[in-house]
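**Q** A single structure is presented below for examination.
The values are calculated or read from the model by the stated rules, or taken from the named source; none is laboratory data. It should be emphasised that the depicted structure is a prediction, and the values quoted were computed from it without experimental measurement. Glycine gets a Cβ as well: all are built from the backbone with ideal geometry, and neighbour counts include every protein chain shown.
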Amino acid sequence: MAADQDLAVSCRGLLKTYGTGEAMVTALQGVDLDVRQGELMMLVGPSGCGKTTLISVMAGILDQSEGDCRVFGQDLMHLRNHAKLAFRARNIGFVFQAYNLLPTLTAAENVTVPLLINGVGRKEALKKAEQVLEQVGLGTRTRSLPSQLSGGQQQRVAIARAIIHEPRLIVCDEPTSALDHETGHKVMELLKGIAMGRDRTLVIVTHDARIFEFADRIAEMDDGRVTRVVTNSSQLH
Amino acid sequence: MYRIALKMLMGDRGKYLGIIMGLTFASLIMTQQPAIFVGLIMRSYSFITDLGLPDIWVMDPEVQWVDDIKPLQDTELYRVRGVAGVAWAMPLYKGLLKARLPNGMFQTCIVVGLDDATLVGGPPRMVEGRLADLRRADAVIIDIDGAREKLSQPPAVPGGKRVELKVGDTLELNDHRAVVVGFSKNTRTILSQPVLYTTYSRAKQFAPRERKMLSFILAKAASDESLAAVTRRIGATTGLAAYSREEFMGVTFRYFLKNTGIPINFGVSVMLGFIVGAAIAGQTFYSFTRENLRQFGVLKAMGTSNWMLLRMILLQATLVGMIGYGLGVGLTSLFGWAMRNTILAFKFPWYLLLFSGIGVTLICAFAALISIRRVIRLEPAVVFKS
C-alpha cells in the first residue's frame with residue numbers, strides 16, 4: 001500500500017444513498033479505494049454500478065452519506081462550502097462524455113473558464129488558452145465555436161479546459177464513448193501525454209475496453225463496490 | 001465571468017430577443033397608456049391652468065369639478081370683493097352653447113364670458129387679433145384648434161380642404177350674431193369642444209336667460225396676504241367655496257378619479273401590459289436559464305460560487321431590462337412625437353419614466369428570481385449525466 005502522502009485520493013467505507021424510505025437507492029456501499037499521485041486509474045463496470053457517483057464524490061461535487069474520502073489529504077465533505085469551491089477550482093479538472101462546452105463561447109474562451117474562476121484576468125487567460133490549445137493540436141481553431149468543431153476536436157478543447165489551470169486531479173467521465181476508435185485513441189494519447197506530463201492524477205470512468213491499455217490500474221466496480229483492482233486489462237477477463 | 005454571462009445570453013438569439021420584446025412591450029404599455037391618461041387628466045383641468053392671472057377661484061360649494069357649473073347670483077361678486085385681503089375679484093361666465101355655423105350646422109361650444117372692463121380670464125396666448133378686440137360689437141375670440149376642426153366647414157369640392165373660420169366670419173349663438181375677431185391657442189379640453197371668449201355682459205346675452213348667470217368669481221389675494229388665509233376667509237365670510245388654483249385642479253382631478261371609469265380603464269391596460277410583459281419575459285428568461293442549466297452546472301462543478309452565478313444572472317436580467325426599458329420608452333416618445341399635432345391627449349412627464357422603470361425592474365427581478373432559485377438548487381453532479 002502506498003504511503004498516505006503519495007495518495008491523490010483515499011476512500012474508506014464510502015456509502016452513498018439517494019432518496020429515503022422505500023425509494024432509497026444505494027449507489028455506493030462501502031467503497032475502499034486508493035488512487036496514487038501521478039497514476040491513471042480507470043473505473044470500469046456495468047451501468048449503474050456507482051462509477052459516476054464515485055468520481056463525483058472524489059471531485060467534491062457530491063457528498064457521501066457515510067465513510068471517508070480524502071483528496072490530497074483533504075476531507076472535502078467537511079470543508080466549508082467556499083473552501084470546497086476554491087479547492088475544486090484549483091485542484092480538479094473535468095472531462096465529460098458530452099464535452100459540456102459552453103456553446104456560445106469560442107474554443108479559446110471555453111478553455112479560459114477555469115482560469116477566470118480562479119481570478120486570472122481575461123487577457124492573460126486567453127493567452128494561456130491559446131498556448132494550451134496549441135498543445136492539443138487546435139492552435140488554428142481558437143476562435144471556432146463548439147458547433148464548428150468535430151466531436152474529437154471538442155473533446156480536445158474539453159481536455160485543454162481541464163488542464164489549463166494545472167489541476168492535480170483530473171476526473172474524466174467516458175471521455176471516448178462518443179468518439180470513433182481512432183479519435184478515441186488519439187484523445188487518450190493526448191490525455192496520457194499532456195495530463196500525465198506533470199505528475200497529474202487521472203481517474204477515468206469508462207466502458208470503452210479499447211482504452212484500457214492506457215490505464216496504470218483498473219478498478220472494477222459492481223453493485224456499488226470495488227470488486228477488484230488490476231494492473232493489466234487482461235486480468236479482467 | 002460577466003462576459004461569459006453576457007455571451008450565454010446573447011448567444012441564444014431567439015430567447016434574447018424574446019425577452020427584450022416582452023420587456024419592451026411592458027415598458028411601452030406602462031408609459032404610453034399612463035401618458036395618455038395624464039394627458040386626459042391635464043385636459044380635465046386645462047381651463048384652470050390656462051387662466052394664469054387669478055389665484056383664487058370662488059364658486060358654489062356644491063361644484064364638483066371645473067365643468068360642473070352651479071351659477072351664483074351676481075351679488076356674490078360684491079361680497080367677495082368686500083372680503084379683507086382680496087385685491088380684486090372679477091366675474092366669469094362659463095357655459096355650453098350651440099353655435100350655428102355659416103353653413104347651417106350646429107356645434108356645441110364652451111362660451112367664456114370675461115369681465116367687460118379688465119378682460120381677466122382671457123385665453124393664455126393669442127394667435128391672431130388682440131384680446132382687446134373683444135370690446136368690439138358682437139366680438140368673440142375662438143381657440144384655433146376649434147376654428148380649424150369642429151367649427152370649420154366642409155370642403156367646397158369633394159376631397160378638398162375644410163374651410164377654416166377666419167377673422168371677420170360670423171356665427172350665431174342662440175340667435176345672436178357673433179363676429180370672430182381673433183384666435184387664441186388653448187390647451188385642449190377633455191371633450192375638445194371649441195372655446196369662444198367674449199365679454200361677460202355679451203355672454204349673458206348669448207346664454208338663455210336664467211336668474212343666476214355667474215359661474216365663477218376669479219380673485220387675487222393682496223400681495224401682503226397669504227393665499228391660504230384669504231381663501232379660508234372668503235369661504236368663512238361668504239359661505240362659498242374658495243380654492244387656490246392648485247386646490248381646484250385637485251378637486252377636478254379627484255372627481256375624475258372617483259366618478260369616471262377612465263382611471264380604471266387605463267389601470268387595467270397598464271396592469272395587462274405588466275402581466276403580459278412579465279409572463280413573456282419571465283417565462284422566456286426562465287426557459288433560457290433552464291436550457292442552460294447544464295452550463296451553469298459545469299461552472300458550478302469547476303468551482304463557481306452560487307454568489308457569482310447569482311450576479312451573472314442578475315447581470316443578464318439587468319441588461320435585457322435596460323434594453324427593453326429603453327426601447328419601450330423610446331417607442332412611447334416616438335409615439336408622442338408622431339401624435340404631437342393630433343387631437344390625442346398625451347403628456348409624458350418624468351415620473352412616468354420612474355413608474356415604468358420600477359415596473360420593468362420588478363419584472364426583471366421576478367424573472368431573475370425564479371431562474372436564480374433553479375440555479376442555486378442545481379446539483380453540480382448533473383454534469384455527469386449524459
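**Q** Return a yes/no flag: does the stretch A:163-175 have any residue that is part of a helix (DSSP H, G or I) and in contact (Cβ under 8 Å) with a residue 24 or more places away in the chain.
**A** Yes: one or more hits.
**Q** May I ask you to verify whether residue A:139 is out of contact with any Pro (no Cβ under 8 Å at 6 or more places or on another chain), over 24 Å from residue A:56 (Cβ atoms), touching a residue at least 12 places away in the same chain (Cβ under 8 Å) and of a type outside the set (Ser, Thr, Tyr)?
**A** Considered against the rule, which asks whether it is out of contact with any Pro (no Cβ under 8 Å at 6 or more places or on another chain), over 24 Å from residue A:56 (Cβ atoms), touching a residue at least 12 places away in the same chain (Cβ under 8 Å) and of a type outside the set (Ser, Thr, Tyr), residue A:139 comes out as no.
**Q** Right, next: Filter the stretch B:198-218 for residues that are small (Gly, Ala, Ser), in contact with a strand residue (DSSP E or B) (Cβ under 6 Å, 6 or more places away or on another chain) and farther than 16 Å from residue B:59 by Cα and give the result. Explain how you work it out, then say what you get.
**A** Of all residues in the stretch B:198-218, those small (Gly, Ala, Ser) come to B:201, B:203, B:207, B:215.
When the remaining residues are screened for being in contact with a strand residue (DSSP E or B) (Cβ under 6 Å, 6 or more places away or on another chain), the result is B:203, B:207, B:215.
Hits for the stretch B:198-218 are B:203, B:207.
**Q** Going through the stretch B:188-239 one residue at a time, which ones are part of a strand (DSSP E or B) and closer than 20 Å to residue B:79 by Cβ?
**A** Residues satisfying the conditions are B:214, B:216, B:217, B:218, B:219, B:220, B:221.
**Q** In addition: Can you find a residue in the stretch A:129-152 that is of a type in the set (Gly, Ala, Ser), crowded, with 19+ Cβ neighbours inside 10 Å and either within 12 Å of chain B (Cβ to nearest Cβ) or in contact with a His (Cβ under 8 Å, 6 or more places away or on another chain) (or both)?
**A** No, the stretch A:129-152 contains no residue that is of a type in the set (Gly, Ala, Ser), crowded, with 19+ Cβ neighbours inside 10 Å and either within 12 Å of chain B (Cβ to nearest Cβ) or in contact with a His (Cβ under 8 Å, 6 or more places away or on another chain) (or both).
**Q** Test residue A:210 against the criterion of being more than 27 Å from residue A:72 (Cα to Cα) and outside any helix (DSSP H, G or I), and give yes or no.
**A** Taking the combined requirement at face value, the residue does not satisfy it.
**Q** Would you check if residue B:121 is modelled with pLDDT under 90 and under 30 Å from the mean Cα position of the chain (by Cα)?
**A** Answer is yes for this residue.
**Q** Turning to a different aspect of this structure: Taking residue B:168 as the residue in question, decide whether it is surrounded by fewer than 21 Cβ atoms within 10 Å (Cβ to Cβ) and at positive phi.
**A** Answer is yes for this residue.
**Q** Counting only residues that are within 14 Å of chain B (Cβ to nearest Cβ) and modelled with pLDDT under 90, give me the helices (runs of 4 or more DSSP H) lying completely in the stretch A:1-120 with at least 3 of them.
**A** Per the criteria, A:51-58, A:81-91.
**Q** Another one. Considering only helices (runs of 4 or more DSSP H) fully contained in the stretch B:1-86, which possess at least 3 residues that are in contact (Cβ under 8 Å) with a residue 40 or more places away in the chain and among the hydroxyl-bearing types (Ser, Thr, Tyr)? Break it down stepwise before answering.
**A** Numbers: elements: B:2-11, B:13-44, B:46-50, B:75-81.
Qualifying helices (runs of 4 or more DSSP H): B:13-44.
**Q** Pairs needed: first member in the stretch A:40-57, at positive phi; second member anywhere, among the aliphatic types (A, V, I, L, M); C-beta distance under 7 Å; at least 6 residues apart or different chains.
**A** Going by the 7 Å Cβ cut-off, the qualifying pairs are A:45/A:221; A:50/A:27; A:50/A:28; A:50/A:221.
**Q** Are any residues in the stretch A:217-230 on the phi < 0 side of the Ramachandran plot, acidic (Asp, Glu) and surrounded by fewer than 17 Cβ atoms within 10 Å (Cβ to Cβ), and if so, which ones? Spell out how you get there, then give the answer.
**A** Of all residues in the stretch A:217-230, those on the phi < 0 side of the Ramachandran plot come to A:217-222, A:225-230.
Subset that is acidic (Asp, Glu): A:220, A:222.
Result: A:222, single match.
**Q** Continuing with this model, one more query. Under 25 Å from residue B:243 (Cα atoms), outside any loop (DSSP other than H, G, I, E, B) and under 31 Å from the mean Cα position of the chain (by Cα): which single residue out of B:112, B:140 fits that description?
**A** Matching residue, one of B:112, B:140: B:112.
**Q** From B:220, B:204, grab the single residue that is under 31 Å from the mean Cα position of the chain (by Cα) and basic (Lys, Arg). First the steps, then the outcome.
**A** Details: B:204 fails: under 31 Å from the mean Cα position of the chain (by Cα).
Just a single option satisfies the conditions, and that option is B:220.
**Q** Would it be correct to say that residue B:253 is within 17 Å of the chain's Cα centre (by Cα), more than 30 Å from residue B:133 (Cβ to Cβ) and at pLDDT 85 or above?
**A** yes
**Q** Are any of the residues in the stretch B:376-385 part of a helix (DSSP H, G or I) and more than 14 Å from chain A (Cβ to nearest Cβ)?
**A** No, every residue in the stretch B:376-385 fails to be part of a helix (DSSP H, G or I) and more than 14 Å from chain A (Cβ to nearest Cβ).
**Q** Do the conditions hold for residue B:328, that is, is it within 21 Å of residue B:23 (Cα to Cα) and either surrounded by fewer than 20 Cβ atoms within 10 Å (Cβ to Cβ) or not β-branched (Val, Ile, Thr) (or both)?
**A** Yes, satisfied.
**Q** Which members of the stretch B:192-213 meet the condition of being of a type in the set (A, V, I, L, M) and either surrounded by 23 or more Cβ atoms within 10 Å (Cβ to Cβ) or not assigned by TED's automatic domain parsing to the domain that holds residue B:120 (or both)? Outline the logic, then answer.
**A** Our first condition is that a residue be of a type in the set (A, V, I, L, M); within the stretch B:192-213, this holds for B:195-196, B:203, B:207, B:213.
Once the filter is applied, which keeps residues that are of a type in the set (A, V, I, L, M) and either surrounded by 23 or more Cβ atoms within 10 Å (Cβ to Cβ) or not assigned by TED's automatic domain parsing to the domain that holds residue B:120 (or both), the stretch B:192-213 yields B:195, B:196, B:203.
**Q** For the stretch A:12-42, how many residues meet the condition of being surrounded by 15 or more Cβ atoms within 10 Å (Cβ to Cβ) and over 17 Å from residue A:216 (Cβ atoms)?
**A** Summing the residues that are surrounded by 15 or more Cβ atoms within 10 Å (Cβ to Cβ) and over 17 Å from residue A:216 (Cβ atoms) in the stretch A:12-42 gives 10.
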